[in-house]
Amino acid sequence: MNESIENVLFKFANSFDLKAWQALEDTLMDTIECDYQDLRGISKTHLKSEFVSLRKQALQHLKTQHLFSNLEITVQEDRATCQLSAVIFRQDNDGKQFNSHVMYHFYLVQLQKDEWRIKKIKQSVLWNEGDSSIHKGVAG
């Protein structure tokens, strides 16, 4: 069961780096609660298509690499929570970089055996480094 949850989280991360926007959408419930207060200054519930569109607009022009580690997964019936560490590397075409070191909290729902989707995301920034102007999603 935890392997299925891990695969959804890794698919979520890899989707950004591969610009695989349909794959990203496939990891999400129809609506997704997002708490990105630390980076974007907002907490909002989105339709999954809106969530993906916003990420595409903010990141399409950047090379990224999302690295996830230190997964802690708790499963209770058809719900799961996951806390993990992440480093998000970003670079524009001029070589300018903006990187974030974060803790994520994911809340997932089981749709059927071994099929999980992300319902809620909270990103807590430990620190950022580099030129934040390259990332359209950063709050001023």
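Return the total of residues in segment 81-140 being touching a Phe, Trp or Tyr at 6+ places or on another chain (Cβ under 8 Å), among the charged types (D, E, K, R) and closer than 20 Å to THR27 by Cα.
Number satisfying all stated conditions: 3.
Check LYS113, LYS119, LYS96, LYS136 and return the single one that is at negative phi and without any contact (Cβ under 8 Å) to a residue 24 or more places away in the chain. Walk me through it before giving the result.
Details: LYS119 fails: without any contact (Cβ under 8 Å) to a residue 24 or more places away in the chain; LYS96 fails: without any contact (Cβ under 8 Å) to a residue 24 or more places away in the chain; LYS136 fails: without any contact (Cβ under 8 Å) to a residue 24 or more places away in the chain.
So the residue among LYS113, LYS119, LYS96, LYS136 that is at negative phi and without any contact (Cβ under 8 Å) to a residue 24 or more places away in the chain is LYS113.
Just the residues that are in a helix (DSSP H, G or I), of a type in the set (S, T, N, Q) and surrounded by 13 or more Cβ atoms within 10 Å (Cβ to Cβ), please, taken from segment 42-66.
SER53
Might you let me know whether segment 84-91 holds any residue that is surrounded by fewer than 17 Cβ atoms within 10 Å (Cβ to Cβ) and among the charged types (D, E, K, R)?
Checked against the condition, which is being surrounded by fewer than 17 Cβ atoms within 10 Å (Cβ to Cβ) and among the charged types (D, E, K, R), segment 84-91 yields no hits at all.
Go through LEU9, LEU39 for me and flag whichever is under 17 Å from HIS105 (Cα atoms), at pLDDT below 95 and buried (at least 17 other Cβ atoms within 10 Å of the Cβ).
Numbers: LEU9 fails: at pLDDT below 95.
Every option except LEU39 fails the conditions.
Can you tell me which residues in segment 99-122 are of a type outside the set (Lys, Arg), in contact with a Ser or Thr (Cβ under 9 Å, 6 or more places away or on another chain) and at pLDDT below 95? Before the answer, list the steps.
Just the residues of segment 99-122 that are of a type outside the set (Lys, Arg), to begin with: 99-112, 114-116, 118, 121.
Checking the rest, the ones that are also in contact with a Ser or Thr (Cβ under 9 Å, 6 or more places away or on another chain) come to 101-108, 110, 114-116, 118.
Those that are of a type outside the set (Lys, Arg), in contact with a Ser or Thr (Cβ under 9 Å, 6 or more places away or on another chain) and at pLDDT below 95: ASP114, GLU115.
Condition check: surrounded by fewer than 17 Cβ atoms within 10 Å (Cβ to Cβ), at pLDDT below 95 and of a type in the set (Gly, Ala, Ser). Does SER69 satisfy that? So that I can check it myself, show each step before the final result.
Details: surrounded by fewer than 17 Cβ atoms within 10 Å (Cβ to Cβ): yes; at pLDDT below 95: no; of a type in the set (Gly, Ala, Ser): yes.
In short, no.
What tally of residues in segment 1-29 results from selecting those that are in contact with a strand residue (DSSP E or B) (Cβ under 7 Å, 6 or more places away or on another chain) and under 27 Å from GLN76 (Cα atoms)? Walk me through it before giving the result.
Filtering segment 1-29 for residues in contact with a strand residue (DSSP E or B) (Cβ under 7 Å, 6 or more places away or on another chain) gives 1-2, 4-6, 8-10, 12-13, 16-17, 27-29.
Next, only the ones that are under 27 Å from GLN76 (Cα atoms) stay: 1-2, 4-6, 8-10, 12-13, 27-29.
The number of residues fulfilling the criteria is 13.
Starting from segment 41-54, take each residue that is within 11 Å of GLU25 (Cβ to Cβ) and list its partners that are in a helix (DSSP H, G or I), counting only C-beta distances under 6 angstrom and pairs at least six apart or across chains.
LYS48/GLU25; VAL52/TRP21; VAL52/LEU24; VAL52/GLU25
Run ASP30 past the list (1) among the acidic types (Asp, Glu); (2) in a helix (DSSP H, G or I); (3) at pLDDT 95 or above; (4) over 18 Å from HIS135 (Cβ atoms) and report the number of the one that doesn't hold.
Against the list (1) among the acidic types (Asp, Glu); (2) in a helix (DSSP H, G or I); (3) at pLDDT 95 or above; (4) over 18 Å from HIS135 (Cβ atoms), ASP30 comes up short only on (2).
The values are calculated or read from the model by the stated rules, or taken from the named source; none is laboratory data. As the structure is a prediction and not an experimental result, all values here were calculated from the model. In this analysis, Cβ positions are derived from the backbone assuming ideal geometry, glycine residues included, and neighbour counts consider all displayed protein chains.
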